[in-house]
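Notes for the one structure printed next.
The values are calculated or read from the model by the stated rules, or taken from the named source; none is laboratory data. This is a predicted model, so every value here is computed, not measured. Cβ placement follows ideal geometry from the backbone for every residue including glycine, while neighbour counts extend to all protein chains displayed.
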Amino acid sequence: MTGVAVTGLGLVTAAGIGTEATWEGVCRGESAAARNPALEGLPVDISCTVPGFSAREHVGRRSSLMHDRFVQLSLTAAREAVADAGLDPAGWDGARVGVVVGCGLGGVATWEEQHRRMLEQGPEAVSSLLVPMLVPNMVAGHLAMDLGATGPNFVTATACASGATAIGSALHLLRSGACDVVVAGGGEAGVSPLMVTGFARMGALSRRLDEPSAASRPFDAGRDGFVIGEGSGMLVLERTADARARGARVRASVAGYGASADAHHMTSPDPGGAGVLRALRAALADAGAVPGEVDHVNAHGTSTPLNDVAEAAVLRKLLGDGVAVTSAKGVLGHSLGAAGAIEAALTVLTVERGTVPPTANLERLDPRIELDVVAGAPRRTRTEVAVSNSSGFGGQNAVLVVTAA
């Protein structure tokens, strides 16, 4: 099968607003995790949030009042990606432009606030905008309205694999001829008291509360859970021939996609990694690549005890121990439904720039993880074929193969 060109990137993360700010942050390898006053008094009060984000400044007064934060972050990233691609929505055929966005939670902050109002002030205090601000599909709908994109429009919800699933779906839309351009990615703003408490109650979050910047530590022997984050990553995808015909810069190619289900447990990964292995093999086959050609893996790498070991075993089994591996979650935390898209964008940058960012807080590699995990500083290395790996609760796996342009 043929891959598609990545012509635009947009990122809004805990490392900063914009692609360059995020790239510089992950290459510095300094965690963005910090105490969050909005979480004070909860079992876990640390998170990775987007610094200095003003909805009114970035998406306008109307959006700041009418859209939940997950939509605001996604609009910001999508506008950057479209501008980066050199496309003008005023001049494109909107019927040939699709929007696919991954989102696991939707407007949870809106839900919590409006529920509080109802309990304290009664039903009349609940906003008439509650439902459209809450439901996850509205992120794709609002992007379409903002960009004048009237082609296929939907949201994928595969938990923490949602963003990667969206990009894989976009690949299929372009290959099938249903679209000429697809804006695809993920957006999530799940740092809310109820969500953080829920994740904490199930034992998924790090309890290193006295040292927040060291809490997220993928593949480290001392890891004890993830740090919840937020953000958005968006890619503009086009058929390569179309992109080159209009003189666009092709940053890299999304060459393959594979998906699978563990069918094992609602939250724990299959300890043998069979589902991830199937998705990885399917993605490589879709890209026309073989395991020996893979130079780099941007791993799911959540910093949880079970996930990191299971994922590492799969990577070692199929790819060996000579592939440069990293996880961005040491810096950015885990942005849930947006994570796969953010990490796919970072994989594109690694392929384009020949630099693998380090895995933050990796001080002592877990002896069960027999991989070449990049740590300490960025590694300059030529990357022709890379993998971005994502998994979610429910055992849903999504793998993307990114290749040099």
Residue 62 vs (1) part of a loop (DSSP other than H, G, I, E, B); (2) surrounded by fewer than 17 Cβ atoms within 10 Å (Cβ to Cβ); (3) of a type outside the set (Ser, Thr, Tyr): all pass except (1)
Every residue in segment 8-26 that is crowded, with 24+ Cβ neighbours inside 10 Å and outside any strand (DSSP E or B), please.
14, 15, 19, 22, 26
Residue ranges of strands (runs of 3 or more DSSP E) in segment 228-341 with at least 1 members out of contact with any Gly (no Cβ under 7 Å at 6 or more places or on another chain) and not assigned by TED's automatic domain parsing to the domain that holds residue 75
252-261, 296-298, 324-326
Name the residues in segment 30-60 that are of a type in the set (Val, Ile, Thr) and modelled with pLDDT under 95, would you?
59
One residue from 306, 349, 315 being within 18 Å of residue 20 (Cα to Cα) and touching a residue at least 12 places away in the same chain (Cβ under 8 Å)
349
Identify all residues within segment 245-261 that are among the hydrophobic types (A, V, I, L, M, F, W, C) and either farther than 12 Å from residue 405 by Cα or over 19 Å from the mean Cα position of the chain (by Cα) (or both); write none if there are none.
245, 248, 250, 259, 261
Could you list, in sequence order, all residues of segment 173-195 that are assigned to a loop (DSSP other than H, G, I, E, B) and under 19 Å from residue 231 (Cβ atoms)?
190, 191, 192
Segment 367-394, residues that are out of contact with any Pro (no Cβ under 9 Å at 6 or more places or on another chain), part of a loop (DSSP other than H, G, I, E, B) and not acidic (Asp, Glu)
367, 368, 369, 371, 381, 382, 383, 393, 394
Among residues of segment 293-348 being acidic (Asp, Glu) and under 24 Å from residue 6 (Cα atoms), the residue farthest from the chain's Cα centre (by Cα) is 293
Is there a residue being assigned to a loop (DSSP other than H, G, I, E, B), modelled with pLDDT of 95 or more, of a type in the set (A, V, I, L, M) and surrounded by 18 or more Cβ atoms within 10 Å (Cβ to Cβ) anywhere in segment 357-366?
yes
Specify the residue that is surrounded by the fewest Cβ atoms within 10 Å (Cβ to Cβ); the eligible residues are those in segment 233-258 that are of a type outside the set (A, V, I, L, M) and within 19 Å of residue 350 (Cβ to Cβ).
249
